[in-house]
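Student: One structure, pasted below without further comment.
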Amino acid sequence: MDAKKTGKFICENRKKQGMSQKELSDKLNITDKAISKWERGISFPDISMLIPISKVLEISLYDLLTGGEDNEQE
């Protein structure tokens, strides 16, 4: 897992949904600062947040974990 790729992927998909960091943080019941850290590649989301993030952003867990790097699942 690459923190920068995953963060960039979260950012891209958040923007595709037309959400600000604050709006995403409100939907996930976390701070917008946490979203900012993810998107800058400083930290990863807690494992308990992976399913909620994938649902809100309408992305697969696989894509979230790989940063959308490889769309073919092996």
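The values are calculated or read from the model by the stated rules, or taken from the named source; none is laboratory data. The structure displayed is predicted, hence computed values, not measured ones. As a convention, Cβ positions derive from the backbone with ideal geometry for all residues, glycine included, and neighbour counts pool all protein chains shown.
Student: So, in region 44-70, how many residues would count as being surrounded by fewer than 17 Cβ atoms within 10 Å (Cβ to Cβ), among the acidic types (Asp, Glu) and over 14 Å from Lys27 (Cβ atoms)?
Tutor: So the answer is 3.
Student: Name every residue in region 1-36 that is closer than 17 Å to Asp63 by Cβ, of a type in the set (S, T, N, Q) and within 11 Å of the chain's Cα centre (by Cα), in order of residue number.
Tutor: The initial filter retains those residues of region 1-36 that are closer than 17 Å to Asp63 by Cβ, namely 1-17, 24.
Of the ones still in play, those that are also of a type in the set (S, T, N, Q) are 6, 13, 17.
Once the filter is applied, which keeps residues that are closer than 17 Å to Asp63 by Cβ, of a type in the set (S, T, N, Q) and within 11 Å of the chain's Cα centre (by Cα), region 1-36 yields Thr6, Asn13.
Student: Also, quick follow-up: Which residues, taken from region 10-27, are surrounded by fewer than 17 Cβ atoms within 10 Å (Cβ to Cβ) and part of a helix (DSSP H, G or I)?
Tutor: First pass over region 10-27, keeping only residues surrounded by fewer than 17 Cβ atoms within 10 Å (Cβ to Cβ): 12, 15-18, 20, 22-23, 26-27.
Glu12, Lys15, Lys16, Lys22, Glu23, Asp26, Lys27, listed by residue number.
Student: Mind counting the residues in region 37-52 that are within 12 Å of Thr6 (Cα to Cα) and under 10 Å from the mean Cα position of the chain (by Cα)?
Tutor: Residues meeting the conditions: 5.
Student: Consider only pairs whose beta carbons are under 7 Å apart and that are at least six residues apart or on different chains; among these, list those whose first residue lies in region 46-74 and is more than 19 Å from Glu23 (Cβ to Cβ) and whose second residue is modelled with pLDDT of 90 or more and basic (Lys, Arg).
Tutor: Every condition considered, the pairs that remain are Gly67/Lys5; Gly67/Lys8; Glu69/Lys5.
Student: Sticking with this one: Can you pull out every residue in region 38-51 that is farther than 12 Å from Ile10 by Cβ and in a helix (DSSP H, G or I)?
Tutor: Passing the criteria: Ile47, Ser48, Ile51.
Student: With Gln21, Gln17 as the choices, which residue is polar (S, T, N, Q), without any contact (Cβ under 8 Å) to a residue 40 or more places away in the chain and within 19 Å of Gly68 (Cβ to Cβ)?
Tutor: Values: Gln17 fails: without any contact (Cβ under 8 Å) to a residue 40 or more places away in the chain.
Of the residues listed, the single one that is polar (S, T, N, Q), without any contact (Cβ under 8 Å) to a residue 40 or more places away in the chain and within 19 Å of Gly68 (Cβ to Cβ) is Gln21.
Student: Whether any residue in region 24-45 is in contact with a Ser or Thr (Cβ under 8 Å, 6 or more places away or on another chain) and in contact (Cβ under 8 Å) with a residue 40 or more places away in the chain is what I want to check.
Tutor: Scanning region 24-45, I find at least one residue that is in contact with a Ser or Thr (Cβ under 8 Å, 6 or more places away or on another chain) and in contact (Cβ under 8 Å) with a residue 40 or more places away in the chain, so the answer is yes.
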